[in-house]
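Only the coordinates and a few stated rules stand behind these numbers; no lab work does. Everything numeric in this text was worked out from a predicted model, so none of it was measured. Note: ideal-geometry Cβ built from the backbone for every residue, glycine included; neighbour counts use all protein chains shown.
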Amino acid sequence: MLYISRWKMLAIIATTLIVCSFAIPNFFPKEQVEKWPKWAQRHIVLGLDLQGGSHILLEVDSAAVRKEKVEALRDDVRRVVRENRLGSPSAVTVRGNTVEFRVRDGVDQKLALQKFQELSQPLGGLLQATGQRSIDVVDAGGGLFRLTVTEPALVERIRQSVDQSIQIIERRVNELGTVEPSIQRQGVDRVLVQVPGLQDPQRLKDLLGKTAKLTFRMVDMTTTPDQAEAGKVPPESELLRGSKSENGQPYVIEKRVVVSGEDLVDAQPGFDQRTSEPVVNFRFNNNGARRFAEATQSNVGRPFAIVLDNEVISAPVIREPIIGGSGQISGNFTVQAANDLAILLRAGALPAPLTIIEERTVGPGLGQDSIDNGMRAAWIGSLAVIIFMFATYGLFGLFANIAVAINVAMIFGILSLLNATLTLPGICGIVLTVGIAVDSNVLIYERIREEVRAGRSALNALDAGFTRALATILDSNITTFIAAVVLFYIGTGPVRGFAVTLGIGIVTTVFTAFTLTRLMVALWVRWWRPRTVPI
């Protein structure tokens with residue numbers, strides 16, 4: 001067992017050196033590392049608690065999701081009424097989560113019930129087996145029908161909104177140029193956003209707080225803003241206010257959307273060639289370009305409004321048809337405002353408004369204190385282990401200490417290779433790994449002592465110690481590794497950071513405590529030919 005062939009020896013040494021070498025970029029300034037080849041730029045990213053940054057907990061506006069769901073149902077009912085000539089679409093009314101409609105006299109009510117029931121769909125995903133549907137349709141008699149959005153359908157829609165919001169938030173945050181943001185679900189309707197190293201938390205809040213629902217609509221010229229403010233708003237229009245750059249000027253805007261932000265394929269900040277003012281240049285997809293061209297061709301001379309989150313950014317007059325599928329948004333922007341708007345438009349609109357319910361900012365100084373305290377604890381713990389092992393096992397304690405040092409280096413190497421985020425709990429996981437690694441060596445050495453007491457020779461005692469302790473080492477480390485995996489999948493934030501370093505540490509521990517230590521003992525036996533075991 002102590003005999004190790006040359007190629008196995010080289011493989012063990014090469015594996016150790018290669019894995020440890022991945023940690024090298026962490027010891028050089030970031031500016032210098034950026035000049036290296038891409039494959040050599042992998043390094044450990046410090047978490048929010050170690051380098052400072054922003055922690056924001058967002059909540060999806062459930063009321064807005066419910067309202068949107070009910071309004072969508074109302075529009076569907078109007079479409080069914082119009083297509084099947086069941087009555088006047090304007091007679092469709094909304095009461096809470098219910099849409100009501102009374103069919104006109106002479107209409108086949110069984111046909112109406114059938115058409116309304118076609119709007120109700122079975123819920124998918126985990127709710128599919130329950131047989132629940134999206135809408136309850138009730139014939140109240142006398143030609144009155146009530147269509148109610150079911151509670152499971154609303155909960156499912158909120159869940160989908162959170163999933164969509166996570167994707168959009170991730171795109172927005174990544175546009176800021178930060179690294180390793182942590183964006184994850186919290187409960188049913190909340191999203192936790194942690195951005196390490198962000199020095200401008202207000203800008204992050206501004207980006208996350210905007211729904212960024214962009215629409216292009218025509219300005220209603222049949223009514224003046226003064227008449228609209230007096231309550232005379234046409235049924236197919238609404239009164240909206242301009243942005244700060246528009247001094248809050250009122251506009252009467254048609255509800256009909258000419259082109260929506262969903263048809264945008266790109267948005268970039270730039271400068272107007274005539275005025276040198278910051279603008280946002282946008283480009284539509286084929287569908288959006290066609291609809292925008294048709295709208296501008298038939299409305300030359302009329303103003304159209306660019307509306308972002310029910311606020312008019314600008315309302316320019318169409319001087320000529322815009323058929324190229326691209327254009328620009330101007331509105332007395334600053335350079336940063338134009339850049340932020342471009343980020344919002346590229347990332348897409350949130351499915352529902354998000355409300356900030358918790359905000360925490362960790363300063364770089366506090367993060368450095370965490371690093372110092374964590375490193376101090378690591379040094380003290382490691383030094384105590386080194387002294388104990390050397391005092392208890394002598395030369396073999398030195399072998400164990402060397403293996404533990406290489407173990408920690410390999411952990412940092414693997415974390416660097418994965419571009420993992422290191423948190424303060426992660427440092428705790430590394431300190432715990434030192435104890436686990438030493439525990440494996442203790443099992444081996446105590447087994448060797450037992451074999452020596454039993455009268456075995458030095459070589460047989462060493463061979464039996466490594467051979468018979470292997471099963472125990474594997475059992476203890478596998479069970480701990482399973483616990484680390486469970487913590488990673490069910491935990492969040494700091495718990496995951498602890499689980500990652502602990503899991504990686506267990507893998508490197510098995511390698512260093514058994515394979516690397518055995519190599520050092522085998523080389524010692526080959527060179528010194530001992531007759532007794534100094535343990």
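Remarks
- Across all C-alpha atoms in the stretch 62-155, the radius of gyration and Dmax reach 13.3, 42 Å.
- Value of Rg/Rh across the stretch 6-64 [Cα atoms, Kirkwood radius]: 1.30
- For the stretch 236-334: relative contact order, % (alpha-carbon pairs under 8 angstrom, 6 or more apart): 29
- The Cα atoms of the stretch 378-422 give a gyration tensor whose axes a ≥ b ≥ c have a/c of 1.5 or more with a/b no greater than b/c, which makes the shape oblate.
- In sequence order, calculated HN-Hα J values of the stretch 526-535 (Karplus, 6.51, -1.76, 1.60; Hz; x Gly/Pro): 5, 7, 9, 6, x, 9, 10, 9, x, 9
- Descending Cα extents along the principal axes, the chain, whole Å: 107, 63, 39
- Taking other residues whose beta carbon is less than 14 angstrom from the beta carbon of GLY325, and scoring Lys, Arg as +1 and Asp, Glu as -1, yields 0.
- Efficiency of FRET between PHE390 and VAL265 - r from beta-carbon atoms, R0 56 angstrom, step 0.05: 0.30
- Taking a Cβ cut-off of under 12 Å around ALA72, the surrounding Lys, Arg, Asp and Glu residues balance to a net charge of +3, with basic ones at +1 and acidic ones at -1.
- With the simple model of a label 7 Å out from the Cα in the direction of the Cβ, ARG360 to VAL257 spans 3.7 nm.
- Net length available on complete extension from GLN109 to GLU83 is 7.9 nm, with 0.36 nm assigned per residue and the Cα-Cα distance removed.
- Sum of -39500 (n - 2.57) over DSSP H runs of 4+, divided by residues of the chain (222 nm, nearest 500): -16500 deg cm²/dmol
- Summary value for the stretch 319-442: 25 percent relative contact order, contacts being C-alpha pairs under 8 angstrom separated by 6+ residues.
- Descending by average beta-carbon neighbour count within 10 Å, the peptides 335-343, 181-189 line up as 335-343, 181-189, the highest first.
- For the listed residue pairs LYS210/LYS255; LYS35/LYS213; LYS67/LYS110; LYS69/LYS110; LYS69/LYS205, the alpha carbons are over 32 angstrom apart in LYS35/LYS213.
- Listed peptides 391-402, 224-235, 453-464 by packing density, highest first (mean Cβ within 10 Å): 391-402, 453-464, 224-235
- Working from Cα pairs under 8 Å separated by at least six residues, relative contact order for the stretch 62-155 is 26 percent.
- Estimated FRET transfer efficiency when R0 is 45 angstrom, pair ALA405-ALA454 (beta carbons, to 0.05): 0.90
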